[in-house]
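Enquirer: First the structure, which I've put down as structure tokens, then a few questions once you've had a look.
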Amino acid sequence: MDQKRDWTTTSSLIPSKSFWRYRQGSPNAGWCAEKKEKRESKTKHLIELALDEAELFHDADKKAYATIRRDDHRETYPLRSRGFRTWLSGRFWAQFKDGCGGQIVQDALSTIEAHAIHEESSHRVYVRLALQNDRIYLDLGSDRFDVMEITSTAGGSWKIRM
């Protein structure tokens, strides 16, 4: 049974302009506006949390990062990483006792990322091993976030400090 679709009749399934004007005046229109305001408010709060509690910066490749304080150490995450998203959502929960959906977090991250790239300074980012000011720093990868500092002494030997 090979029938041709009659597009003139299916166009009647699309709501008319008068239908949409009616929907804007309906009781649900206020609900939609409230939902939009709540979403924008959550996004704004997430941005404020990141700006207040994280040290934002970018590297030479314009990749955005955040350093956060946790207990007695600092942790640096790429802004788009799961670790940073989880931290940010956790801080939101701790402060507001409310959740925020993935799209709200993504919207906030876009603004936070732009801020880190365009408004903050550029820093080198190291993973596990760094050379800075004639010192070598080695992250031991422990649960306690231990770092070893290695320096050379005047006699050509090495000094290691934990």
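Enquirer: Taking the highest mean first, how do the peptides 54-66, 133-145, 91-103 order by number of other beta carbon atoms within 10 angstrom per residue?
Expert: On the way: 54-66: 17.1, 133-145: 10.7, 91-103: 12.5.
In decreasing order of mean packing, 54-66, 133-145, 91-103 become 54-66, 91-103, 133-145.
Enquirer: Considering only the other residues whose Cβ falls under 15 Å of the Cβ of residue 148, what net charge follows from Lys and Arg at +1 and Asp and Glu at -1?
Expert: Residues near residue 148 contribute +2 overall.
Enquirer: Mind sorting 151, 76 by how few other Cβ atoms lie within 10 Å of their own Cβ, fewest first?
Expert: 151, 76
Enquirer: When the distances between all Cα atoms of segment 30-125 are binned every 5 Å from zero, what whole-number percent does each bin get?
Expert: Distribution as computed: 2, 13, 25, 24, 17, 10, 5, 2, 1, 0 percent.
Bear in mind that the values in this text are calculations on the coordinates, not laboratory data. What you see is a predicted model, and the numbers here were worked out from it, not measured in a lab. Neighbour counts run over all protein chains shown; Cβ positions are idealised from the backbone, glycine included.
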